[in-house]
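The block underneath contains the structure these notes are about, expressed in structure tokens.
Taken together, the values in this text are just the output of simple stated rules run on the coordinates, not laboratory data. Quick caveat: nothing in here was measured; it's all calculated off a predicted structure. Please note: Cβ atoms are built from the backbone with ideal geometry, for glycine as well, and neighbour counts cover all protein chains shown.
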Amino acid sequence: MYQMLNKVKIYIAGHNGMIGSAILKKFKKIKRFQLLYENKTKLNLEDQSSVFKYLKKNKPDSVILAAAKVGGIFTNNTDRASFIYDNISIQSNVIHGSYLAGVKNLIFLGSSCIYPKLSKQPIKESYLLSNYLEKTNEPYAIAKIAGLKMCENYSYQYNLNYKTLMPCNAYGENDNYDLKTSHFFPALIKKIIEAIKNNKNYIVLWGNGKSKRELIFSEDIASACKFFLRKKTKSKVFNIGSGMEYSIEQYAKLIMKHLNVNLKIIYDKKKPNGTFKKLLDSSLAKKNGWEHKVNFEKGISIVINDYLKNHLNNNK
């Protein structure tokens, strides 16, 4: 019991997701951390009373809020009411509950989609709310902006260390490969590997394939959470990116190259492209001492091996 008194108690919300599981994996290696995390069956983050009681009872020193309702362009655009309501409920309960429980340090994970559709590139943190949002993911973006502003203003009013980290598109182990709800990169991996498996010589992609995306490995986001969690910084919002940007078409070809296959790409131009370009300016995070470390060659190898081992026979 004496040893536990010296440990930093950290609650990780959303530990089962791709980014949350990467955070859990990294933080488990640090002996001074005592980690708290619960499955949804035990703690429903949309239930305000349960969240408040849990945080008040366990009194963590720090909280990492990686829980969210997430998805790709299709589910963002069709499940719009749930995306705004569920995300605002989850983050409001955890952020306000943390304040009530005396939590001094909190990391809220935002998203690069909160920035304006036609933002100047690369995107600085100061460009937030400078123009209108991409329509297809507007409800999700609005929810994330609300969470960012909660952290910013709770820090200001209550003298807390609540920060928002804004990752670009993430990829990693334990991703979602359901084509109806997944993000673009796991969808590409699944489409290409399933085409190979079924002896098809083509894949179908949404839009025209020209939209560009910056990718960062989930382990790098976990390292950013560890770096910024208890660090005192003047800014409360940090972009977390890799600087690696390719078009959807180029990513498809890079995956094919890794798998040593050349498939024809057919474009369904009736489907949306999403935001054309959203490269983050991560110089503020770098100025404060953090930068990404996992290169794409290493990351893609890990992800494809994870898909082949754990997801290949899932037909969703």
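Packing here is the average count of other Cβ atoms within 10 Å per residue, and on that basis the peptides 249-255, 275-281, highest first, run 275-281, 249-255.
Place a point 7 Å from Cα of Asn16 in the direction of its Cβ. Which residues in region 44-84 have their backbone N less than 14 Å from it? Within reach of a label on Asn16, which here means backbone N under 14 Å from a point 7 Å along Cα→Cβ, region 44-84 contributes 44-46, 67-70.
Checking the Cα-Cα distances for Lys124/Lys210; Lys124/Lys277; Lys264/Lys298; Lys197/Lys298; Lys135/Lys271; Lys120/Lys277 against a 18 Å cut-off, the pairs over it are Lys124/Lys210; Lys264/Lys298; Lys197/Lys298. Calculate the length of the line joining the C-alpha centroid of region 118-145 to that of region 154-199, in whole Å. Going from one Cα centre to the other spans 18 Å. Under 15 Å from a label point set 7 Å out along the Cα-to-Cβ vector of Glu194, the amide N atoms of region 289-316 belong to 307-308, 311-316. Taking 0.36 nm per residue of separation and subtracting the Cα-Cα distance, full extension of the segment from Arg32 to Tyr127 would add 30.5 nm. Secondary structure note: in the chain, about 10% of the DSSP beta bridges are antiparallel. Put the Cα centre of region 23-102 next to the Cα centre of region 231-295 and the gap is 25 Å. Bridges between two residues of region 152-263, per DSSP, are antiparallel at a rate of about 30%. Once the Cα atoms are used to define both axes, helix 80-100 deviates from the longest principal axis of the chain by about 30 degrees.
The simple Förster model, with R0 at 25 Å and r as the Cβ-Cβ distance, assigns Arg80 and Leu179 a FRET efficiency of 0.85. Matching the structure-derived percent of Cα pairs over 32 Å apart against the labelled list (1) 42; (2) 32; (3) 26 gives the label (3). Packing here is the average count of other Cβ atoms within 10 Å per residue, and on that basis the peptides 101-113, 45-57, highest first, run 101-113, 45-57.
The modelled label-to-label distance between Lys120 and Leu308, using points 7 Å beyond Cα along the C-beta direction, is 4.6 nm.
Mark the label point 7 Å from the Cα of Leu259 along Cα→Cβ and return the residues of region 170-195 whose backbone N is within less than 19 Å of it. From region 170-195, the list is 171-195.
FRET efficiency for the His96 to Lys234 pair, using the beta carbon distance and R₀ = 25 Å, is estimated at 0.55.
Each of Leu118, Asn58, Gly274 was placed along the dipole of the chain (beta-carbon charges, centred on the mean Cα), and the one lying farthest toward the positive end is Asn58.
Here the peptides 196-204, 23-31 are ranked by packing, the mean other Cβ count within 10 Å, and the order with the highest first is 23-31, 196-204.
The chymotrypsin sites (Phe, Trp or Tyr not before Pro) of region 131-191 that DSSP puts in a loop, and whose beta carbon has at most 14 other beta carbons within 10 Å, are Tyr132.
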